[in-house]
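Comments concern the structure below.
All of the numbers you see were taken from the coordinates with simple rules; none came from a lab. This is a predicted model, so every value here is computed, not measured. Positions of Cβ are backbone-derived with ideal geometry, glycine not excepted, and every protein chain shown enters the neighbour counts.
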Amino acid sequence: MRINHVAVAASALAYWMLGAVWYTAFANPFIALMRWGPEDLARVEAEGAGLQLVAALAASLVAAYALAYFVKFTGAEDARRGALVGLLAWLGFVATTNLNTVLFEFRPAGLYLINAGYHLVGLLGTGALLAVWKRREARAPAYQS
């Protein structure tokens, strides 16, 4: 089975960049739900997030590759079906497993919603993109006149 590595890389990069937008938009509620005080914020700012950002990009790449296989296995070839594959992956692997942080770690439900929401939007978009992105040679007619 051939995977379009360019599409995977592009969708992984988009998923990763969504994280920057998402957590900027939800920065204040996220910080409040994490119960970070000024000292915590100062420490995070002083340490930087270089290693975490690289790890998050690698995680996005792994997720995009796995989702590419799901998209191929299901035969999704349009944005709606690709997004449905992303939705099912989110529902089966993200929403359910991350719910344990609320149930057993007693983390706030709002934090779960912020984090799970990011992955929902990311997997919907990644699935849609992977389903519609065709190789250049696949767009050309299979025959020559």
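At a glance:
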quantity: Nearest 10 degrees, 0 to 90: helix 50-74 Cα axis against the chain principal axis; calculated: 40
quantity: Estimated [θ] at 222 nm from DSSP helical runs (n ≥ 4, -39500 (n - 2.57)) normalised by residues in the chain, nearest 500; calculated: -24500 deg cm²/dmol
quantity: Rg/Rg_ref, the range 39-93, where Rg_ref = 2.2 N^0.38 Å and atoms are Cα; calculated: 1.64
quantity: Globularity ratio of the chain, using Cα Rg and 2.2 N^0.38 Å; calculated: 1.24
quantity: Euclidean distance between Cα centres, the range 79-135 to the range 41-70, Å; calculated: 16
quantity: Positive-end extreme of charge dipole, the range 5-134 - chosen from L13, L123, S60 (charges on Cβ); calculated: L123
quantity: Tilt relative to the chain, helix 38-47 - C-alpha long axis, 0 to 90 degrees, to 10; calculated: 50
